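Data block below; observations after.
The values are calculated or read from the model by the stated rules, or taken from the named source; none is laboratory data. On a predicted model such as this, the values are computed, not experimentally measured, just so you know. Glycine also receives a Cβ, built like all others from the backbone with ideal geometry; neighbour counts cover every protein chain displayed. Keep in mind that these areas ignore ligands, DNA and RNA; they rest on the heavy atoms of the full protein, side chains included. Shrake-Rupley method; radii C 1.70, N 1.55, O 1.52, S 1.80 Å.
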Amino acid sequence: MQSKTVLVVGGAGYIGSHTCLTLAERGYTPVVFDNLSNGHAEFVRWGPFEQGDIRDRKRLDEVIATHRPDAVLHFAAMIEVGESVKDPVAFYDNNVIGALTLLSAVLAAGIEAFVFSSTCATYGLPKQVPMDETHEQQPINPYGRTKWIVEQALQDYDTYKGLRSVILRYFNAAGADLEGRIGEWHSPETHAIPLAIDAALGRRDGFKVFGNDYDTRDGTCVRDYIHVLDLADAHVRAVDYLLSGGESVKLNLGTGTGTTVKELMSVISDVSGKPFPVAYTERRDGDSTSLVANNDKALSVLGWKPKHDLHSIIRSAWQWHSRHNHP
């Protein structure tokens, strides 16, 4: 039986590449469409590569006509919150106009299954923790707003055009492929785990903690770290669900367990065997005290639950970063 084809838009990036690995393991053919602005050609290892930009409708039409995908996974977004405040125009151009251009190509081709990489940043400041999918959406930065706009478009496209979608709202993606083939590689790096690991490896002068006076168990922010392979598993289950006739749905992807920044640093020191200097500085604007997922709905709809705990996340990240020193 011929395997089904999935177009993975942004498939050369961090979460997209791990999802391609998982798709291939489960019998799908992942076709990567990526402009390599944040992705890496070296990460395209499990199916064909088509270079292109999601704002280029002609190129999208060509690639879709060539590969005739059964479903589309959309990861191709700008993600750095601080950058979105500095340059909101770029975020609206890529994350909104790009997504709508992609959706137009998907509709024109008659594809009926679409999985969207969204974020807990659409919720804004938490009214209660853990947060479930009914939590009101009031994003507090352009990044979160651009994702929320696309979520609203997908709701209308389902109602009026019959495009079924699974919207996956990630909490804090982390970790790497357990065999060390691919991992987290951002330029510049802004995520806590790679930054702390680089400090432990002596590649940077210590690790900065933004604020230690929050109303949490040790004064530092609480986050829900989810292994990138658990995220990939959820995406493949979402494709299975849609191709089996599942209805549109919005799901949180997190572990349901909160970790403070101090606790995170402690685990990184334990796993690496290397303490590292830490500097406490002022809070950052827009940082929430605590972001933790209620993931019950993903279990009930997709049968998904995370398999990896924080130690597994850090061990896989340590293995990846200690072997690779990306600029």
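Using a/c under 1.5 as the rounded threshold, could you call region 170-327 rounded, prolate or oblate? The axes a ≥ b ≥ c are square roots of the C-alpha gyration tensor eigenvalues, and prolate needs a/b larger than b/c, oblate otherwise.
oblate
Could you look at the chain and say what percent of its accessible area is carbon and sulfur, using a 1.4 Å probe and all protein chains? Could you put the intermediate results ahead of the total?
On the way: 6730 of 14080 Å².
After summing per-atom areas, the C and S share lands at 48 percent.
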## Note on the structure
Residues whose built amide H sits under 5 Å from the amide H of F207, excluding neighbours closer than 5 in sequence, are V278, A279
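If you keep only loop residues by DSSP, which GluC sites (Glu not before Pro) in region 224-327 have at most 15 other Cβ atoms within 10 Å of their Cβ? Could the numbers behind the result be given before it?
On the way: sites: E247, E263, E282; in loops: E247, E282.
Taking region 224-327 and a limit of 15 other Cβ atoms within 10 Å, the loop GluC sites (Glu not before Pro) found are E247, E282.
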### Summary
Taking a probe of 1.4 Å and leaving out DNA, RNA and ligands, region 88-137 shows per residue an accessible area in Å² of 36
### Message
Take S3 and S37, extend 7 Å from each Cα along the Cα→Cβ direction, and tell me the distance between the two endpoints in nm.
### Response
3.0
### Query
Restricting attention to region 207-261, which chymotrypsin sites (Phe, Trp or Tyr not before Pro) occupy a DSSP loop and are surrounded by at most 15 other Cβ atoms within 10 Å?
none
### Task
Report the label-to-label distance for L178 and T134 in nanometres (one decimal), using points 7 Å from each Cα along the Cα→Cβ vector.
3.6
#### Entry: Extension gain from L201 to K161, taking 0.36 nm per residue of separation minus the Cα-Cα distance
9.3 nm
### Query
Reported to two decimal places, what Rg/Rh ratio describes region 60-172 when computed on Cα atoms with Rh from the Kirkwood expression?
0.99
### Message
Through the Karplus equation 6.51 cos²θ - 1.76 cosθ + 1.60, θ set to phi - 60°, convert the phi angles of region 53-62 into ³J(HN,Hα) values in whole Hz; use x for Gly and Pro.
### Response
10, 5, 8, 9, 4, 4, 5, 4, 4, 4
### Query
Between D296 and A108, what length in nm is gained on full extension when 0.36 nm per residue of separation is reduced by their alpha carbon distance?
64.2 nm
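What is the gain in length, in nm to one decimal, between D93 and K58 on full extension, counting 0.36 nm per residue of separation less the C-alpha to C-alpha distance? Spell out each step's value before the answer.
Working: separation 35, 0.36 × 35 = 12.60 nm, distance 1.71 nm.
Stretched fully, the D93-K58 segment lengthens by 10.9 nm.
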### Task
Quote the FRET efficiency, to the nearest 0.05, computed for K274 versus Q152 with a Förster distance R0 of 30 Å and r equal to the Cβ-Cβ distance.
0.10
### Query
To the nearest 500 deg cm²/dmol, what mean residue ellipticity at 222 nm is calculated for the chain from DSSP H runs of n ≥ 4 alone, each contributing -39,500 (n - 2.57), summed and divided by the residues?
-11000 deg cm²/dmol
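Can you check what the net charge comes to around T281, using other residues whose Cβ is under 14 Å from the Cβ of T281 (Lys, Arg +1; Asp, Glu -1)?
Working: positive: K208, R283, R284; negative: D205, D213, E282, D285, D287.
Around T281, the charge tally is -2.
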### Rounded to whole Hz, the Karplus (6.51, -1.76, 1.60) HN-Hα couplings of region 108-113, x for glycine and proline
4, 8, x, 6, 10, 10
### Vicinal HN-Hα couplings computed from phi for region 287-304 (Karplus, 6.51 cos²θ - 1.76 cosθ + 1.60; Hz; Gly/Pro x)
6, 7, 4, 8, 10, 9, 8, 8, 10, 4, 5, 4, 5, 6, 8, 10, x, 9
### Cα-only radius of gyration and Dmax that characterise region 244-327, units Å
17.0, 52
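Report the net charge of residues surrounding D93, where surrounding means a beta-carbon distance below 10 angstrom and charges are Lys +1, Arg +1, Asp -1, Glu -1.
Details: positive: R55; negative: D87.
Around D93, the charge tally is 0.
Could you give the dipole magnitude of region 199-327 about its Cα centre, charging the beta-carbon of Lys and Arg +1 and that of Asp and Glu -1, in debye to the nearest 20? Walk me through the intermediate numbers first.
Working: 16 positive and 16 negative charges, 85 e Å.
Result for region 199-327 is approximately 400 debye, rounded to the nearest 20.
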### Message
Give me P(r) over region 153-239, computed from all C-alpha to C-alpha distances, binned every 10 Å, as integer percentages.
### Response
13, 30, 29, 19, 7, 1
#### Entry: Where the Cα pairs of region 56-109 fall when distances are cut into 10 Å bins, in %
23, 46, 23, 8
### Sites matching trypsin sites (Lys or Arg not before Pro) across region 295-327 that sit in DSSP coil, with at most 11 neighbouring C-beta atoms within 10 Å
K307
### Task
For a label point 7 Å from the Cα of E282 along Cα→C-beta, name the residues of region 201-229 whose backbone N is under 14 Å from it.
210-212
#### Entry: Set of lysines with alpha-carbon distance to K307 below 22 Å, sequence-local pairs under 8 removed
K250, K297
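Hey, how much of the P(r) for region 1-111 falls beyond 24 Å, as a percent of Cα pairs? Numbers along the way, then the final one.
On the way: 1330 of 6105 pairs.
Across region 1-111, Cα pairs with separations above 24 Å total 22 percent.
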